[in-house]
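The values are calculated or read from the model by the stated rules, or taken from the named source; none is laboratory data. Worth saying up front: this structure is predicted, and the values here are computed from it rather than measured. Cβ placement follows ideal geometry from the backbone for every residue including glycine, while neighbour counts extend to all protein chains displayed. These area figures cover heavy atoms from the full protein model, side chains too; ligands, DNA and RNA do not enter into them. Shrake-Rupley method; radii C 1.70, N 1.55, O 1.52, S 1.80 Å.
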Amino acid sequence: MKNPITSGPLASIPLAPLVLGIAGVLPFALATIALWVGPSGWQSTAATAITAYGFVILAFLGGVHWGRALSSGSKVQFVWSVLPSLAAFFAAFLTRPSALAVLAVAFVAAGVYDIIAFGRAGPRWYATLRLWLTIFVTPLLALSAIALAGSSNSM
């Protein structure tokens, strides 16, 4: 049996970014699991954790483009680099289910932009990594929003 990491779609991604990317998905996964099947005492903490972590990671994704803009001087890159942070900021004023829904949409938008931007210029492996991370994170955010929409922890 072939190793999917060394011979599959993830083979082009350097090991360190791949491992760190996978590790970055774990808080989303653990919080989502806690919201769906964890003890009721964990749910408020899990709701806070996934929302706050989502805000932080979305802002981080914009920071990638700030760094690119510093080296290229691209006004488009500078503008794009602040949009994820602004989306997270405004989502912070919504109820948790709505904030998580906004985060899910923003993660898809950021993923599409990254795949296009890094597919054209930059390390192609980053576009592949972003595709896979978006495929995993977005449903976790959506599932968390659904869990919270039906609970008393929606604020």
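Data overview
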| quantity | calculated |
| --- | --- |
| Between the stretch 95-114 and the stretch 27-57, the Cα center-to-center distance that results, in Å | 16 |
| Leu86 paired with Leu15, simple spin-label distance in nm, labels 7 Å along Cα-to-beta-carbon | 4.2 |
| Cβ-placed point charges (K, R +1; D, E -1), dipole of the chain about Cα centre in debye, nearest 20 | 320 |
| Solvent-accessible heavy-atom area per residue, rounded to whole Å², over the stretch 34-138 at 1.4 Å | 52 |
| Positive-end residue of Pro97, Gly8, Val19, charge dipole of the chain with Cβ unit charges | Gly8 |
| Spin-label model distance (nm) - Ser40 vs Ile22, 7 Å beyond Cα toward Cβ | 3.7 |
| DSSP-loop chymotrypsin sites (Phe, Trp or Tyr not before Pro) across the stretch 83-155, with at most 14 other Cβ within 10 angstrom | Phe93 |
| Accessible area in the full protein assembly, largest first, 1.4 Å probe, for Val56, Val64 | Val56, Val64 |
| Angstrom value of the Kirkwood radius, inverse mean 1/r, which spans all Cα pairs in the chain | 16.2 |
| Heavy-atom accessible surface of the chain: percent carbon and sulfur, 1.4 Å | 76 |
